[in-house]
Structures are given as structure tokens and as C-alpha cells.
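Everything below concerns the one structure shown next.
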Amino acid sequence: MSKLNIEVKKVTDSRIAEVDFENLSFGEEFSDHQFEIRYDNGAWQTPRILPYDAVPMYPAISTIHYGQAVFEGMKAFRYRGDKANIFRVDMHYDRFVRSCKRVCIPEIPREYFIEGLKTLIDLERDWIPEAKYKSLYIRPIVFAADQTLGLRSSKTYRLHIICSPVGNYYAEGIKPIRLTTMPEYVRAVKGGVGDAKVPGNYAASLEPTIKAQQQGYTQVLWLDAIERKYVEEVGSMNIFFLIGDTLVTPPINGSILPGVTRNSVLEIAKAEGMKVEERPVSIDELIEASRNGDLKEIFGSGTAAVISPVGSINHEGQHITVSTTSDEMGPVARRFYDQITGIHHGEIPDEYSWCTVI
Ligand SMILES: Cc1ncc(COP(=O)(O)O)c(C=O)c1O
């Protein structure tokens, strides 16, 4: 199917029969094949599809010292039975190259990335779980491959795309999560790398996240790094508030990750004629809206969970709660969840051209 010259080496025995598709946890199982392309001698070389296997490396490989690497997270879904749908591949590609630019990794041509991915997913289509809400998580990763302790941009890179079948994020039911701010920590500052999908952002979030979890919260709600007053995002999700009848979310300002799901929610909301505001939201505004009953819903958006309801936020002992507190997703969040998952699986027409069906 590919216009590109991709070398394909298939496995002799698939491991698929060993996988328990009924009980998948996130990112623990990997499909049979991986896509690989090397950047050597100033150019991207012939793309290859190989059996999923170890990547041998020397301890001096520069990526593990200085973190010159970028990744993405996207999904393929079962589409109307036996077809596969890669969701919003163009937007993920665009974010991937923007992230690469920020850490001096050469741009992979669009057709290499997209054709390579389509060929891989075509080969791995049996690995896409059949049940609704399950999917094949796709993880592209590119990293510096020079052996050097010199702090400089690498001259060689390796790009891999691997796939992992993942379960319904809501195996236990759709329960609202509890967030807390951690004003003593910040995730990112404008001018840094918060808007790029680079591994170090996630390493830096581990300590505060563990502390939040020890205090009984699911995730940290990050505040801005300067005033520690404006809401930014959650661990791997962007955040939305329904205040009165207006859907409000922090703007893409250089320190938060421009989420693909965030964009999908905004597009749907605008198409439905909802009032939408992308603007700074202070924690004080949320405390006030919670007190006077105007804060109707809070939810996170991200590829892994799609839409995740938030029941409460702790900020230095003050509790922000939604007025429609219940054990379920609020009606507005539910509408977005149903729309997006319906488009994923081809049950709702793809009016936005978000699906790459193969
Ligand atoms: C820090 C961060 N924010 C937001 C998101 C949500 O982005 P997306 O909807 O593209 O998955 C993610 C996940 O990729 C993330 O890691």
C-alpha cells in the first residue's frame, strides 16, 4: 500500500495469542512489529518495519545524558468492524515536528511519518482490540544517537514507532478524579519546553505527582510558574471548566502542551454553538465560582483517557467542587466523550476529517 520504499521484515511467529485482550493495562503489551528510521550522514535513511525487539545502545549515547528526544502518543481504533482508524494523525505529526524543532532534532518528512505509520498499522491491524473504547496506542519516539559526552546537538538519530494494545481507561467505571495544586512546584515556564512533548517534562512531574498521590489525590493541577495563580493543565491532560453555560480552558500560551483532544473538544463545542473561551483561569476565580454554584463541571482531555471528569480540586486546603457532584461524568463532558469515541469507531460521521481509515 505504500508509496514509500519501506523495507519490511515480518516476524515468523506472532505473539498475539499470548495476549489477554480482556485484561489490558496501559502500555504493558507490545505488538509484533515496529517502524524504524535512522538519521545518518545528514539525511533520513530507508524506513524499515522490523520485529519488535531490543535496541542495542552504548552507555555514552547522548540521549540518556542530555535528553535530546521527543515522543508522541496517538491511537488507532477498530472502525466499523475490520477497518483501522488512526485518529488525527496530521495534528500529531505537526506537534511531533514542532517538538523536534525545539530540541534541534531534524524534521522527519510528513510522508515518511504518515506512510510509515499507515504501513505499520495495516500490518498490525489484528492487534487493535475489538471492544469499543479499547484501542492500539501508538508511541513514536525519536532520540539522539551519537556516542558523546559533549553537550551538543547529535548528528545521528533513531526514530521508532511502537504499538501497544490498551484497555478501556474506565474499566472501573467513569469516576471523577480528585486533583490538587502543588504551588511549591511548577511544570513549565514560557520559553522553556512545556509546550513540547519531551521526556524531561514527565521526569520533572514524578516527585510532585507521587506526593499528591500520597495525600490521596489522583494528579497534580499545575499552576503557572510566575504568579502560581493561573491554572495550566494536568499530568497528561488539558483541563476544561464549565462556568455557568460557558466552556472555559486555559489558552495555548507556550507552557502547556497543545492537546489534540483539547482541540477536538473545542471544535465540537464551537460547531454545537456553545459559548467557548480560551483565556487565563485563576484558581481564585474557580474558588469563587465553586462557592456561588457557577462551576458546573470540570474535566480533563487527553489521548489516553479521552475525557476524564474531575470531582474536586484542593488548593491549599480550600476545596473547589462542581455543583453537580455525583459519581458520574457530567452531561456536557459526557456529550464530548460520546461524540469523540463515536467518531473513533465510525459510529458518528467524521465531519471534521479526523480519521485516517485503512
Ligand atoms: C502534558 C500533557 N498535556 C496534555 C496532554 C493531552 O494531549 P493529547 O490530547 O494530544 O493527548 C498530554 C498527552 O499527550 C500531555 O502529556
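Just so you know, all these numbers are worked out from the coordinates, no wet-lab data involved. What you see is a predicted model, and the numbers here were worked out from it, not measured in a lab. Cβ sites come from the backbone with ideal geometry, for glycine too, and all protein chains shown count toward neighbours.
Some values worked out for this structure:
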item	result
Computed label-point distance, nm, for sites Glu207 and Ile64 using a 7 Å Cα→Cβ extension	2.3 nm
Base-10 log of normalised Debye intensity for region 1-87 (one unit scatterer per alpha-carbon) at q = 0.12 Å⁻¹	-0.58
Distance between modelled label sites at Val11 and Glu278, nm, 7 Å Cα→Cβ extension	4.0 nm
Fraction in percent of alpha-carbon pairs per bin - 20 Å, the chain	28, 58, 14, 0
Flagged links, alpha-carbon separation over 28 Å, of Lys155/Lys211; Lys134/Lys175; Lys75/Lys197	Lys155/Lys211
Computed [θ] at 222 nm, deg cm²/dmol, the chain (DSSP H ≥ 4; -39,500 (n - 2.57); rounded to nearest 500)	-7500 deg cm²/dmol
Degrees separating the helix 331-345 axis from the principal Cα axis of the chain, which is the longest one	20 degrees
Cβ crowding within 10 Å averaged over residues, with 270-278, 189-197, 296-304 ranked highest first	296-304, 189-197, 270-278
Whole-Hz ³J(HN,Hα) from phi, Karplus 6.51 cos²θ - 1.76 cosθ + 1.60, for region 51-64, glycine and proline x	x, 5, 7, 5, 10, x, 8, 8, x, 8, 4, 5, 4, 7
Extension gain (nm, one decimal) between Ile348 and Ser25, 0.36 nm per residue minus Cα-Cα	113.6 nm
Value of relative contact order over region 7-168, rounded to a whole percent, pairs C-alpha under 8 Å and six or more apart	34 percent
For His345, His319, order by how many other beta-carbon atoms lie within 10 Å, fewest first	His319, His345
Vicinal HN-Hα couplings computed from phi for region 214-227 (Karplus, 6.51 cos²θ - 1.76 cosθ + 1.60; Hz; Gly/Pro x)	5, 8, x, 9, 7, 8, 8, 9, 6, 9, 4, 7, 8, 9
